[in-house]
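Quick note: the coordinates plus some simple rules give every number you see, no bench work behind them. Remember, predicted model here, so these are calculated numbers, not experimental data. Every residue, glycine as well, gets a Cβ built from its backbone with ideal geometry; the counts of neighbours run over all protein chains shown.
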Amino acid sequence: MLLVTQLIIGAAIGLVITTTGVGGGVILLPVLIYLFGMNALAAVATANLLSMLMKLSSSYIHFRLGNIPLKPALLILGIMFPATFLASYGVTWLGNQPEYYQRVELGINILMIVAIIFSLILFLQRMVKKSAVDPLTLLTPPNSMTLSSLLVPGMSAGFVLGATGVGGGLVVLPVLMRFAQMGIKEAIGTSIFITTILSGGSAIAYSAGGYTDVHTALILCLGSLLSIPLARYLLVYLSERFFQYLTLSFILISIIMMIWKLIN
């Protein structure tokens, strides 16, 4: 594939990741599988590395815009990180066993679909709740977000991210909106910050198995930098409702693409 084409693809992916928080499962995996011819394990490994690289700049933008509340972000990160790291190593180890390889590939695809559908349910619940109630009544004081209330959803989201590469927009974002009671822009910024670190941990685990295509990841990451000025403009001037519908659209598209991949 021509270098210019790869840079353009990287710019488009970077724009989507920065403005919606959706990326690893919705955009990166289908692109790496269908356009770059990778198998599921290589796609997950490369998507984790690429997600980390792309989200470094995105995290900086959201931090400057005040969209990342550090205390809740660090609490959820601490919950998710062990589950993400262990899931990544587990999948890598099983993928290196010839007798389990096909089962691992099938399991990853099924888990992607389940995670995406679950996140869609959480996202729709949150949208309906916000439209029916005064938004000010939905704001939860920081001290009400306890370790116990976030433990199960946080560990589940971490496991899914480590095993499949599906993370920010599809799993972490709805968890932040539903269980941490964040607004859409705060949830997007926090999910990007958290998954930047988690994707880095997963990338290290997958690299031990030799599945990561570092060259492709670096080229697409370079392309994503081209979209930063446009992404910043959109985040400042467009409404939260717009980002809700945009994120919902990508979640629905991802469900269709993953189901299509599983049955074909």
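A compact table of results
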quantity: Förster-model FRET efficiency, 51 Å R0, residue 4 and residue 71, C-beta, rounded to 0.05; calculated: 0.75
quantity: Degrees separating the helix 40-64 axis from the principal Cα axis of the chain, which is the longest one; calculated: 30 degrees
quantity: Using alpha-carbon coordinates, inclination of helix 184-207 to the longest axis of the chain, degrees; calculated: 20 degrees
quantity: Net charge dipole size for the chain [Lys, Arg +1 and Asp, Glu -1 on Cβ; Debye, nearest 20]; calculated: 500 debye
quantity: Within the stretch 1-109, chymotrypsin sites (Phe, Trp or Tyr not before Pro) in DSSP loop having at most 16 other beta-carbon neighbours inside 10 Å; calculated: 36, 100
quantity: Identified option (computed Kirkwood radius over Cα pairs in Å; candidates (i) 18.1; (ii) 20.3; (iii) 18.6); calculated: (i)
quantity: Nearest-ten-degree value, helix 3-20 long axis tilted from longest Cα axis of the chain; calculated: 30 degrees
